[in-house]
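Okay, structure first, notes after.
Bear in mind that the values in this text are calculations on the coordinates, not laboratory data. The model shown is predicted, which means the values in this text are computed figures rather than measured ones. Neighbour counts are summed over all protein chains in view; Cβ atoms, including those assigned to glycine, are modelled from backbone coordinates with ideal geometry.
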């Protein structure tokens, strides 16, 4: 790996200013309505300095952090898919003219953007959505355009959340690739520094404009130790030694599906917050005169009844079958479809489940292994 | 600040148009093929229909109403696109009631169709209800080069005699004697002189040589489950039995997630699969 | 000229049956034919014959006032009807009417029952052949009830 550089908080502010000066939207974690979401920021002051999150099944709250870090928290309800795989998009519009219809494909456009604070699990999620939406015969041009015009500035996690299990999914907590820059925030009594790993020529071009110095061996080791501490303090884990894809495939009729259905509200929260869930549906709309039409695509969830609708009724009518579809897809059939698990261990589905269903606990129950 | 691309990326169907945007066509003919079943002849506005393989489907748009996956029921290589639609939901109702001259949106063709039978093989075609529609292009294909195959048999089950789609055409095939045809219905009055009973009941009438036969099945999933089981019971290998599956299709290119059945996307990996592939998936309720 | 024994032996229902049993059964057999549209039996009549169809087709029907006559099953070459011979009260539960000219072997029900009583092994062998027909028809009946080709409501 190339030499690690060190920048200060001023350097980070410089970076934000450079990105904005290039005409990019700068999107980063920021506090809104008592949660940390991803939104446009103007300066380093918009970052959640000194704020951390306490998460667990069905539970999320922000508290003052012991250290005044800019990135001393984990992931919130937003995922970057909000900006890459748009929640709602128009695919085409059409207008009746004479006896015919003029059909206009929606423009494929993207704003240049920079995402600051992308966690390792999120880099893994973006890589997964890349495979789903651009890796096959058909390419989602809307997604690809947005993806091609976003810089990814990663942050290595300085702490693990109560719902986190990326270490057991081998997706984190350290960013190992797929970023333009990766920051490790080091806060000591004396210093507030960011170690920077450069992951692309675009990242290098940015670094060339910011004052930085080479990292010392001590700083390098401190960053390593911080990541190791994060790994060791994960709130949760997928059970070790279990072949989860096979376990799911072998247990489609396991009684646990019925049991989890007594708790699951089929609310679709888990699919909305999941950084890899990609399902969409379309709505055709028209004006009152019936002369102008458009097709809109929006996120959909396999937890809705309509999702599997087949003339006359849904294929998956029971909550048990819909939960099974979600979990077996995420952990098992995804591997056959796209070559990796669909789960990155970010823990969002656990935190944002209103009844606190824990996917790692469900795997343990089906595997018949004890909770840790 | 916004970047635009003047040309689309490689998100195209086989026809060189964006896969998520329909092409314009016009309905040129509409006829009833059974109660509630309508066949549309569609002429594309710009050029000839895209080439398709028997068993593939298009996504048809009734402007302002919605889009539905409809299998192609006409012969490959024709000037017009032929689609047979059952008037059953809001979108199919709007599609089935389009009048000649009306515009219609067409995306496709999509999916994996029926396999090409090896020359010399026997072909057993088993259809139920509207399941004959996606098989009809294969039948045309077989009739066009009939000498390439051994025995060709069509077993077709319907609800009532009046629900037999393409009935006159089926009778014409029967008269030509190029393929053996057995029709059966679930319910019949005294006027019906054909078989009454389930389509599996016709299987003993077929001289099945498992070493040289392939079977193409399309109909309700329950029917295909039972026919698949009966054929394997008679010694036909599950890899030589093909089934055309149906699930909710929205995008038709494996991106929207709706049509998943286990690890498969029916739209992209199918709709035609081997019975060997589908058997374990069809047997799990609500999968 | 084919003998009754040969006819029985050639019919799928008796295929593979011990020749001595076929010999026994043939003692109850008659070679019968019916013109097209002819009633072979009527609902409620004594089920005094068990039919093995050799050629032609027979429609099994139930008529309902106001709804006309409904055919629920057709039986063709190699198939059988009249399995009511085996179980009390030995009555036809449908009408059987030929769709076309039909040849069959008719087995006299009383004769067959007596032989089965006297020779339980024959009775068991025939029961084992009747049972799959029953199971298959029950299954077919269930599938028909599902109205698979109809529009789901």
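With R₀ set to 51 Å, the beta-carbon distance separating residue A:240 from residue B:97 gives a calculated FRET efficiency near 0.30. If you find the alpha carbon centre of the stretch A:255-282 and of the stretch A:1-58, how far apart are they in angstrom? Measuring centre to centre over Cα atoms gives 30 Å. Among the residues of B:99-105, the average count of other protein chain beta-carbon atoms within 10 Å of the residue beta-carbon is 3.
Is the shape of chain A rounded, prolate or oblate, going by the alpha carbon gyration tensor and its root eigenvalues a ≥ b ≥ c, with a/c under 1.5 for rounded and a/b larger than b/c for prolate? Cα axes put chain A in the oblate bin. On the beta carbon distance between residue A:209 and residue A:131, with R0 = 25 Å, the FRET formula returns roughly 0.15.
The antiparallel fraction among DSSP beta bridges confined to the protein assembly as shown stands at about 75%. When each of A:271, A:262, C:71 is scored by the number of other beta-carbon atoms lying within 10 Å, the sequence from fewest to most is A:262, A:271, C:71. Please label the shape of the stretch B:23-110 as rounded, prolate or oblate, based on the square roots a ≥ b ≥ c of the eigenvalues of the alpha-carbon gyration tensor (a/c under 1.5 means rounded; beyond that, a/b larger than b/c means prolate, else oblate). It is rounded, given that a/c, with a ≥ b ≥ c, falls under 1.5.
Looking at the stretch A:86-239, what % of its DSSP beta bridges pair antiparallel, to the nearest 5? Just about 60 percent of them are antiparallel. Angle of helix B:167-176 to the longest C-alpha principal axis of chain B, folded into 0 to 90 degrees and rounded to 10: 50°.
Judged by the mean number of other Cβ atoms found within 10 Å, the most tightly packed of the peptides A:208-215, A:20-27 leads the ranking A:20-27, A:208-215.
Neighbour counts of other Cβ atoms within 10 Å put C:115, B:285 in the fewest-to-most order B:285, C:115. Residues in the stretch A:326-367 near a label at residue A:259, defined as backbone nitrogen under 11 Å from the 7 Å Cα→Cβ point? Those under the cut-off are A:362-367. Nearest 10 degrees is fine. How inclined is helix B:221-233 to the longest principal axis of chain B, computing both from alpha carbons? Once rounded, one gets 40 degrees.
The fewest-to-most ranking of C:40, B:70, A:18 by surrounding Cβ atoms within 10 Å reads A:18, C:40, B:70.
Summarising the strand pairing of chain A, around 80 percent of its internal DSSP beta bridges are antiparallel.
Considering only alpha-carbon pairs that sit under 8 angstrom and 6 or more positions apart, the relative contact order computed for chain C is 28 percent. Neighbouring Cβ atoms from other chains, within 10 Å of the Cβ of residues in B:62-73, number 3 on average.
The simple spin-label model puts a point 7 Å past each Cα toward its Cβ; for residue B:143 and residue A:111 those points are separated by 5.9 nm.
Stokes-Einstein diffusion of the stretch B:122-282 at 4 °C, 1.567 mPa s viscosity, Kirkwood radius from Cα pairs, rounded to a whole number: 79 µm²/s. If one takes the longest principal axis of the Cα atoms in chain B, at what angle in degrees, from 0 to 90 and to the nearest 10, does the Cα axis of helix B:132-144 lie? Helix B:132-144 sits roughly 80 degrees off the main axis of chain B.
Peptide B:260-267 has a mean of 5 when you count, residue by residue, the C-beta atoms of other protein chains within 10 Å of its C-beta. With a ≥ b ≥ c the root eigenvalues of the C-alpha gyration tensor of the protein assembly as shown, is it rounded (a/c under 1.5), prolate (a/b larger than b/c) or oblate? Since a/c reaches 1.5 and a/b is larger than b/c, the shape of the protein assembly as shown is classed as prolate. When peptides A:334-343, B:92-101, A:60-69 are sorted by average Cβ neighbour count within 10 Å, with the highest value leading, the order is A:334-343, B:92-101, A:60-69. If a spin label sat at a point 7 angstrom from the Cα of residue C:31 along the line to its beta carbon, the backbone N atoms of the stretch C:55-93 nearer than 19 Å would be those of C:55-57, C:77-79.
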